[in-house]
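Take a look at the structure set out below.
The values are calculated or read from the model by the stated rules, or taken from the named source; none is laboratory data. Just so it is clear, the model here is predicted, and its values are computed rather than measured. Virtual Cβ from ideal backbone geometry, glycine too; neighbours counted across all protein chains shown. Calculation scope for accessible area: heavy atoms of the full protein, side chains included, ligands and nucleic acids excluded. Shrake-Rupley method; radii C 1.70, N 1.55, O 1.52, S 1.80 Å.
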Protein chains: 2
Amino acid sequence: MSEADSHAIHTELDAIAEALAKGKRKRVRKLLRAMHPGKVASVLEALDPEQRQAAWQQVDDNTEEQVLRHLDGLMAAALQRDPQDDDLADDLDEDDEPGATTQIARVRDALEAGKFKRVGKAFKQMHPAKAAGLLEALPPDERSSVWDMLDAERAGKILVHLHEEVRARLALEMDEDELAAAAQKLDLDDLVDLIQDLPAGNGRQLLQAMDVRKRQQLLSMLSYPEDSAGGLMNTDHLSVRADVRVGSVLRYLRLLEDLPDHTDKVMVVDRKNRYQGVLRLSRLVTSPPEAQVGEVMDGEFKAIDVSLSSSEVARRFEDLDILSAAVVDDNDVLLGRITVDDVMDIIREDSERAMMNMAGLNDEADMFAPVLTSARRRAVWLGINLVTAFLAAWVIGLFQGTLEQIVALAVLMPIVASMGGIAGSQTLTLVIRGLALGQVEGGNARLLLGKELGIGFLNGLLWAAVVAALAILWFKSWQIGAIIAAAILLNLLCAALSGLLIPLLLRKLGIDPALAGSVILTTVTDVIGFLAFLGLATLFLL
Amino acid sequence: MSEADSHAIHTELDAIAEALAKGKRKRVRKLLRAMHPGKVASVLEALDPEQRQAAWQQVDDNTEEQVLRHLDGLMAAALQRDPQDDDLADDLDEDDEPGATTQIARVRDALEAGKFKRVGKAFKQMHPAKAAGLLEALPPDERSSVWDMLDAERAGKILVHLHEEVRARLALEMDEDELAAAAQKLDLDDLVDLIQDLPAGNGRQLLQAMDVRKRQQLLSMLSYPEDSAGGLMNTDHLSVRADVRVGSVLRYLRLLEDLPDHTDKVMVVDRKNRYQGVLRLSRLVTSPPEAQVGEVMDGEFKAIDVSLSSSEVARRFEDLDILSAAVVDDNDVLLGRITVDDVMDIIREDSERAMMNMAGLNDEADMFAPVLTSARRRAVWLGINLVTAFLAAWVIGLFQGTLEQIVALAVLMPIVASMGGIAGSQTLTLVIRGLALGQVEGGNARLLLGKELGIGFLNGLLWAAVVAALAILWFKSWQIGAIIAAAILLNLLCAALSGLLIPLLLRKLGIDPALAGSVILTTVTDVIGFLAFLGLATLFLL
């Protein structure tokens, strides 16, 4: 070993030892990657056993063997001694295993023990969607440790499956060129999503890293709203002209060797790229080679307008059971296609969003976002609720005189409010779903109102009787029983009325009924419940 | 006209007039259908104008022209005079129309005006999924009127898209042989669904009406649970052997002319029908005809076990972006296939169910079920809530002495309970989603708990301060302010704890957290809220 070499090793050794001491694994990884395997071996030999193991975890999988060859046998064996190495990958990759509930624990244990190689290998072997799910279940620092272990291509595939906030954060953790490399491998529609989630500056950088043709396609796709057909479409469709023969189409496809994913049909266009219909692969393979495309295509199959909303696109895919459809502009010019895999994502996301929005949460937020960030986000919802709670308190405050004289009223009043809230939310949920399915509208709202009032009346009678009986037993007062019964009946009728009218009204105002409906409803049933119960008591008991 | 003929006409005329008077349109329809068009014309002539119009609405579309030919011109013209006849069909079939919100109203108006022909025509022209949606939005009697106008084939297609309760009811409204005719046209998986929704006796009858081969297939499919891969699969898959050549497969497909819907791949099996892999159509069309199936098939593509739950099937389709997959038994024998269209339905249904269940509703129930039926169903949920409400009331009852002395506590106490409920439901929703995605489990629950407690603490501090300030302004009492602040902070911490622990515990007990979680959580936050607030007040203010 020459003087210069030895010096170089010592500089690098120091750099690596320092990075290890500071826990900068990514830096260690980079340093090691830039070195010849022989040098890596020398560095490993020079480190103390603990540091050696830590440094080894950052050696690239591809150079692993070469590095081992430069080490003496004992040390090589010691570094490789991790009999469970493959178990983790197998464990995590196996869906049906009974112990599957502790996957997250196993990953976290391995990270804790510094077995980054093992974790990295496991994440490389599992499906990107699953890897994304597991990543989101890790706290941010552990998430970053895993993320560092993944190569650009794999990282790109996983990014596609993450929720927006986590996606943006992990993408920003990558170097500019790593991110660009990851992005190269993505489908255009996924790339569009990624760019939209990044801060504007980083998005622009990423766009600049693409070649001209791709960049232009991306720019045109970025011009459509995210939740429209234009934002969903991909431009990897195949198109043929109606006057070619089936045999030629087959020869053309054979030349391509690999068709774009989810190709179940080829689009048929005219000379000006205007959409004419579709030629299904299933029809293509059953047609005689000498037939013309125009004869065997389906000219009835409608294309999707580029401005159609994504929910409507999803609804159409579901109703018509389609796998892919063409997207056209106002002049029927073919722009791209939407495939059913993206539609499935939309259906799932829409339902997730509805559920999260009902609790005032953002469905794309990171479960492990910093406490302060999460607290601030949720505070808004609590603040809105506080206003409604004070409204109810104000109503109670009107009857302080009554409450002072009959304290039993204070004990019973939450029951009236709560029964109204529950009954109202049943009507509300029914109507919100009906609105989403297009099954509730002016044409049958009156009818539904009659039915809901009927149900409210019957349940009002039933539970008014039950509560009255219990109240009489408890407070030995017939009057209180009668008054709570009347209040409950009244509140359940109001609940039915508001459960129907509030969402209809919100919809008319352009507000998502699932978002605001239940807060407003609870306010109404609380106010009416307290007002009716305490008001009646003031009238009849004092 | 002979005496006998005239007599026959009069008997039939009486029968029809009587049925019309009683509003038995279905009977009129049947009587008319059994008659020669000439006779139908004579009957129409003999009726008074109003009855004539009503009877005309029940004349079968296919014999319409022949009947008109037997009528005198003026009468024929009068019967046909309904210039908007085609408008309804067009209106209802057009999705993107701005006036689309009044579709239900238009159908109901047409039914009201007795224009059954017009409505029937419109329902025949629109897509079955849409027809099903519209039918569900009609009250039961109008639904039946429309249903009577549909032929068996169309009725069958619509049945597939209905929710269970409505489906069963409408199927039972059909004659036995009508239903059997409708069933003949259905895919096997849809037929299995239908049979499962019918009362056992009717299901058996329907099974008996099928030919032997179909019946056997149905019986084997019925033996799997409805929400398993076996319950989802269809048996219309194509399979080939690995040792055939691509050219032979293409010839074989060409002989079939029409491939089953959603065929994107052909299953590859061995001599004993054991699953080997898949041959994608997109690969098939790009492979040289002389290649062997075994060389171009995908042997890595996993089949689905027949006992896998439908949610897991959906998850796999989503994660792996697949369009169809083979279903196999324990010995890898190919049983059928699942296609993405059914998976989309599952995703939608799962999310609908979760939302409805959270309000204690059944997602498959008829929106227009009889009031008594609906009231009984919902009563259960109200009863459960009543128990929890009384629990909260009992806690308040413990502090009657305190409340008598400081009535302000009664005014403010709902605020404490409500803030806890809202904060808790945010944590609960987050955890329920996390459980559904497999992102919350023992491995990171402790970490999440720390985070949620942190958020609860921060928001507790913030809103405790706000509420305390307002309470002090309102009731001019520093003590009350301090006590409500402490109670809110405490309740928000408890809310975070319960929001995380309740769903984890329910899951462990095998109870769906979405179903019971929010009732239990509200009970906890109510009880803790009242207990903390009134308890602290009793300790420090009395």
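Things worth noting here:
- Boolean, A:A155 is within 11 Å of chain B (Cβ to nearest Cβ), open to solvent by less than 30 Å² (accessible area, probe 1.4 Å) and in a helix (DSSP H, G or I): no
- Selection over the stretch A:133-146 of residues that are open to solvent by less than 10 Å² (accessible area, probe 1.4 Å) and more than 9 Å from chain B (Cβ to nearest Cβ) gives a count of 3.
- Verdict on A:V519 being assigned by TED's automatic domain parsing to the domain that holds A:W394, under 29 Å from B:M356 (Cα atoms), in contact with a helix residue (DSSP H, G or I) (Cβ under 9 Å, 6 or more places away or on another chain) and at pLDDT below 95: yes
- Some residue of the stretch A:423-430 being at the interface with another protein chain (Cβ under 7 Å from one of its Cβ atoms), small (G, A, S), part of a helix (DSSP H, G or I) and open to solvent by 10 Å² or more (accessible area, probe 1.4 Å): yes
- From the list B:D330, B:D345, B:D319, B:D350, the lone residue that is assigned by TED's automatic domain parsing to the domain that holds B:P260, of a type in the set (D, E, K, R) and assigned to a helix (DSSP H, G or I) is B:D319.
- Scope the stretch B:324-342; condition out of contact with any strand residue (DSSP E or B) (no Cβ under 7 Å at 6 or more places or on another chain) and either closer than 13 Å to B:M233 by Cα or facing another protein chain (nearest Cβ under 9 Å) (or both); matching residues: B:D341, B:D342
- If the condition is being open to solvent by 50 Å² or more (accessible area, probe 1.4 Å) and without any contact (Cβ under 8 Å) to a residue 24 or more places away in the chain, then the stretch A:243-291 contributes A:R251, A:Y252, A:R254, A:L255, A:L256, A:E257, A:D258, A:R280, A:R283.
- Scanning the stretch B:438-493 for residues that are touching a Leu at 6+ places or on another chain (Cβ under 8 Å), more than 8 Å from chain A (Cβ to nearest Cβ) and free of Cβ contacts under 8 Å to residues at least 40 places away in the same chain yields a count of 5.
- Residue list for the stretch A:494-523, restricted to those being of a type in the set (A, V, I, L, M, F, W, C) and either within 23 Å of A:A468 (Cβ to Cβ) or not in a helix (DSSP H, G or I) (or both): A:C494, A:A495, A:A496, A:L497, A:L509, A:I511
- Selection count where residues are over 14 Å from B:K117 (Cβ atoms) and not charged (D, E, K, R), scope the stretch B:61-75: 6
- Residue count, the stretch B:408-422 (criterion: in contact with a Leu (Cβ under 9 Å, 6 or more places away or on another chain) and open to solvent by 10 Å² or more (accessible area, probe 1.4 Å)): 3
- Some residue of the stretch A:292-310 being closer than 22 Å to B:D341 by Cα, within 12 Å of chain B (Cβ to nearest Cβ), without any contact (Cβ under 8 Å) to a residue 40 or more places away in the chain and surrounded by 20 or more Cβ atoms within 10 Å (Cβ to Cβ): no
- Some residue of the stretch B:374-381 being more than 7 Å from chain A (Cβ to nearest Cβ), within 30 Å of A:G450 (Cβ to Cβ) and among the basic types (K, R): yes
- Selection status of A:T402, open to solvent by less than 10 Å² (accessible area, probe 1.4 Å), more than 8 Å from chain B (Cβ to nearest Cβ) and more than 24 Å from A:L539 (Cα to Cα): no
- Filtered residues of the stretch B:346-371 (kept if without any contact (Cβ under 8 Å) to a residue 24 or more places away in the chain, facing chain A (nearest Cβ under 7 Å) and open to solvent by 10 Å² or more (accessible area, probe 1.4 Å)): B:R348, B:S351, B:E352, B:M355, B:L361, B:V371
- Residue match in the stretch B:31-44 (condition: modelled with pLDDT of 85 or more and open to solvent by 60 Å² or more (accessible area, probe 1.4 Å)): yes
- Here A:W147 passes the criteria (1) touching a Leu at 6+ places or on another chain (Cβ under 6 Å); (2) closer than 22 Å to A:R353 by Cα except the one numbered (2).
- Residues of the stretch A:474-529 satisfying the condition of being open to solvent by 50 Å² or more (accessible area, probe 1.4 Å) and of a type outside the set (A, V, I, L, M, F, W, C): A:K476, A:Q479, A:R507, A:K508, A:G510, A:D512, A:T522
- Hits in the stretch A:160-196 - residues which are within 27 Å of B:G434 (Cβ to Cβ), among the aliphatic types (A, V, I, L, M) and part of a helix (DSSP H, G or I): A:V160, A:V166, A:A168, A:L170, A:A171, A:L172, A:A182, A:L194
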